[in-house]
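Only one structure is covered here, and it is reproduced in the block below.
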Amino acid sequence: MLMKQVRRSFTPKDFKLLVKRSRAGRGMFAGEMIPKGSCIIEYTGKPTSVEQMRANSGKYLFWTGRSSMIDGNIPGNRARFINHSCAPNCEVELKKRRIYIFAKRRIREGEELTYDYDTEYFDEHIKPRGCLCDKCLAKKSL
């Protein structure tokens with residue numbers, strides 16, 4: 001059986017996205033249903049300095065290549081409000097040193113958008129205070 005490879009569109013759709021209070025601070029929520037596979041938003045930022053890259057300690061830093069990084073802590077980057085989850089509904093894809101957020105599954109209206117921040121960031125920023133995602137909180141309550 002031949003598998004058909006689906007080509008992704010790296011153009012974010014104009015979804016209604018809301019930034020509001022979440023369990024982890026501020027979060028981004030779907031203001032409407034988002035279909036599986038949709039390009040939701042681009043994570044943007046300014047290029048970092050060599051010193052920032054070496055320190056790699058900012059909360060909004062994102063590697064865009066082996067030797068390139070952006071600082072997403074800029075007013076125009078609404079994607080910085082997407083929080084971590086160990087069972088995320090979104091995933092990150094890089095294309096030509098640009099960062100895009102895609103829906104891993106159908107996302108319901110009102111649902112918080114999340115992606116897995118990966119090991120390095122998780123260990124440095126989330127693990128010390130405890131993960132607040134639904135999956136981890138459910139484990140803690142058992």
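What follows is calculated from the coordinates using simple rules that are stated; it is not laboratory data. Here the structure is a predicted model, which means the values were calculated and not measured. Don't worry about glycine lacking a Cβ; one is built from the backbone with ideal geometry, like all the others, and counts go over all protein chains shown.
When the helices in the chain are scored as -39500 (n - 2.57) per DSSP H run of 4 or longer and the sum is shared across all residues, what 222 nm value do you end up with, to the nearest 500 deg cm²/dmol?
Details: 2 runs with 13 residues, N = 142.
After summing the helix terms and dividing by the residues of the chain, the value is -2000 deg cm²/dmol.
Among the GluC sites (Glu not before Pro) within region 106-142, which fall in a DSSP loop and have no more than 14 other Cβ atoms within 10 Å of their own Cβ? Please report the intermediate quantities before stating the final value.
Numbers: sites: E109, E111, E112, E120, E124; in loops: E109, E111.
Qualifying residues, ordered by number: E109, E111.
Measuring from centroid to centroid over Cα atoms, what is the spacing of region 18-50 and region 110-140 in Å?
So the separation of the two Cα centres works out to 15 Å.
For region 17-131, what is the relative contact order in percent, using Cα pairs closer than 8 Å and at least 6 residues apart in sequence?
This gives 33 percent for region 17-131.
Once you have all Cα-Cα distances for the chain, histogram them in 10 Å bins from zero and send the whole-percent values.
Whole-percent P(r) values from 0 Å outward: 11, 39, 35, 13, 2, 0.
Rounded to the nearest 20 debye, what is the charge dipole size of region 17-131 about its Cα centre when +1 sits on each Lys and Arg Cβ and -1 on each Asp and Glu Cβ?
Result for region 17-131 is approximately 200 debye, rounded to the nearest 20.
Which one, G31, Y100, C90, is farthest towards the positive end of the dipole of region 10-142 when Lys and Arg carry +1 and Asp and Glu -1 on their Cβ?
Result: G31, furthest along the dipole toward the positive end.
Once you've got the Cα coordinates, tell me which of K16/K127; K36/K59; K46/K95; K16/K135; K16/K36 are over 23 Å apart.
Among K16/K127; K36/K59; K46/K95; K16/K135; K16/K36, the Cα-Cα distance tops 23 Å for K16/K127; K36/K59; K16/K135.
Taking the Cα centre of region 17-131 as the origin and placing charges on Cβ (Lys, Arg +1; Asp, Glu -1), which of A55, G130, T114 is farthest toward the positive end of the dipole?
T114
I need the trypsin sites (Lys or Arg not before Pro) found in region 1-75, filtered to DSSP loop residues with at most 13 other beta carbons within 10 Å of theirs.
K4, R7, R8, K13, K16, R23, K36, K59, R66
Just in region 28-99: which chymotrypsin sites (Phe, Trp or Tyr not before Pro) are loop by DSSP and have at most 16 other Cβ atoms within 10 Å?
When the chymotrypsin sites (Phe, Trp or Tyr not before Pro) of region 28-99 are filtered for loop state and at most 16 Cβ neighbours within 10 Å, Y60 remain.
Using modelled amide H (1.01 Å from N, peptide plane; none on Pro or chain starts), what sits under 5 Å from the amide H of R106, excluding residues fewer than 5 places away?
Correct list: K36.
Express the Stokes-Einstein translational diffusion coefficient of region 47-123 in µm² s⁻¹, to the nearest whole number, given a Kirkwood radius over alpha-carbon pairs, 20 °C and a viscosity of 1.002 mPa s.
Approximately 159 µm²/s, per Stokes-Einstein.
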